[in-house]
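In what follows, a single structure is set out as structure tokens and then discussed.
The values are calculated or read from the model by the stated rules, or taken from the named source; none is laboratory data. Every value quoted in this text rests on a predicted model; they were computed, and no experiment measured them. Glycine also receives a Cβ, built like all others from the backbone with ideal geometry; neighbour counts cover every protein chain displayed. Accessible surface areas use protein heavy atoms only, side chains included; no ligands, DNA or RNA. Shrake-Rupley method; radii C 1.70, N 1.55, O 1.52, S 1.80 Å.
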Amino acid sequence: MPVPGPVALGRGVVVNQGGAIPAPWITAPVVTVDDDALRSPAPVVGRLHEAWAAREPVVVELAVDPARFRTPQHLNDEPWRLSPDFEPWFDRLHFLVWANTYDARSTDDPIWWWGRKAGRLGATPTPQGAADVELADGTPAWIDGGPRRPLDPADVAGHAVVHAESVELGALVAAPPPVAPTADLAPDQLAAVGHLSGPARVIAPAGSGKTRVLTERLRHLLGDRAWERRAVSSWPTTRRPSSSWSGARRRSDHGSAPSTRSGSGCSPRPAAPCPACSRSGSAAASSSRSCPAGASGGPTPTRSAPTWRRSAPSASAWPTRPTWRSRDDVDGLAELFRPYRDHLLQRGAVDFDDQVYGAIEALLRDGHLRRRLQGRCRHLLVDEFQDLTPAHVLLIRLRWPSRRSTCSAWATTTR
């Protein structure tokens, strides 16, 4: 019987408050989600994330209706009021409660929902069999809800493993066995390329090959580990990404913002080079030409704003703060900031930096949009992280939340 599956998968279980704990988890630690947890989610989210990342089986005791944190929150905070480490806590709580747990709330036989979801894609659930499901060719397979990483076949009874992310993307593709990267790199660089899972940071001087490490990491994930291309995104930061990023699913630092605002992504045939597509080094936002953001119904980029305008939202800081009031070149910025944005809105335009500010607003105010975009691309690689502003960091945290361990949320930083 698969329950609770191999120890290496680290599966937990969800029970109702006061409900019986199934035998496999009788000694597992209990994490209670109650009214106090919903009022102050950080401690519970932190504990659940720790267990998920470490594949530590836990009992999640629900003392509240899970619908209270299942529905995405619509947040009306102004971006400038938020610090870069702001978290939409219920997004993470909902994910962590169900990501790698059986459901034992209403049955004596715990339900592995990932097996049932795989069944909708053509697999045959086998709760009494060798593994969770049988694939179309008869191969027994586990559906893994833990952090995405290669697993030794010996740790999963020699059966195939399909990750839950693949199931969510509609693919029943078994992960290949662990493969070490073979790029022509130094040992420490190869160790970075082959990092198993979780966030990582590459810190090295300029010219030491940081970008090469990231591009090899991308090739390793897509090639050696067979991750879906739509599950991984890269962020070169600069508007003129290195040629080594050629062929990658990449976004410039402002590039993900227009598609975030529209919720539709880039047009496949842009009328002019656009930073949203990262297909060209041209700064289309500095011209009045059309771009995919406009083509998909969003605002059309306009000419760059004055330096005082561009610095405020990019720094995620409100202009009335003392640091802004003390600057000689921004007198009156507090009074001009809102009318300037209203003027852009009336014109159906957006300047380069407002793409980021507006994307943050959209992700905050439309919880369903935020959850939908979070589900489209789970892993992020960031180059030249030190060049990001606090607003960019906030955008990343909303769009690629750490609830996924931002599994490849890499940052190369010049020492």
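The gain in end-to-end length when the ASP387 to ARG365 segment is fully stretched comes to 5.3 nm, 0.36 nm per residue minus the alpha carbon separation. Using a probe of 1.4 Å on the protein chains alone, the accessible area found for LEU38 is around 20 Å². Accessible surface of SER106, taken over heavy atoms with a 1.4 Å probe and every protein chain present, rounds to 110 Å². Here the accessible area is traced with a 1.4 Å probe on the protein chains. For segment 1-112, carbon and sulfur cover 50 percent of it.
For VAL60, the residues 5 or more places off, or on other chains, whose built amide H falls under 5 Å of its own are VAL13, VAL14, VAL15, VAL31. Peptides 132-142, 343-353 ranked from most to least packed by the mean count of surrounding Cβ atoms within 10 Å: 132-142, 343-353. Taking the average, over residues, of other Cβ atoms within 10 Å as the packing measure, peptides 21-33, 144-156 rank 144-156, 21-33 from highest down. The residue list VAL202, ALA160, LEU172 was ranked by how far each Cα lies along the charge dipole of segment 118-239 toward its positive end, using unit charges on Cβ atoms, and VAL202 comes out on top.
What relative contact order, as a whole-number percentage, does segment 1-112 give when Cα pairs under 8 Å and 6 or more residues apart are counted? This gives 38 percent for segment 1-112. The phi-based Karplus calculation (6.51 cos²θ - 1.76 cosθ + 1.60; θ = phi - 60°) puts the 3J(HN,Hα) values of segment 383-397 at 9, 6, 4, 5, 8, 6, 8, x, 5, 4, 5, 4, 4, 4, 5 Hz, whole numbers, x for Gly and Pro.
The length gained by stretching the chain between VAL7 and ARG47 to full extension, at 0.36 nm per residue less their Cα-Cα distance, is 12.5 nm.
The protection proxy used here, the mean number of other Cβ atoms lying within 10 Å of each residue, ranks peptides 109-122, 89-102 as follows, highest first: 89-102, 109-122. Taking amide H as placed 1.01 Å from N in the peptide plane, the amide H of LEU381 sits under 5 Å from that of SER233, SER234, TRP235, TRP410, each at least 5 places away or on another chain.
Under the simplified labelling scheme, the ALA54-ALA154 pair shows an inter-label distance of 2.4 nm, with each label point 7 Å from Cα along Cα→Cβ. Extension gain, ILE203 to SER83: 0.36 nm times the residue separation minus the Cα-Cα distance gives 40.8 nm. Estimated from the Cβ-Cβ distance and a Förster radius of 35 angstrom, the FRET efficiency linking ASP34 and LYS117 is about 0.80.
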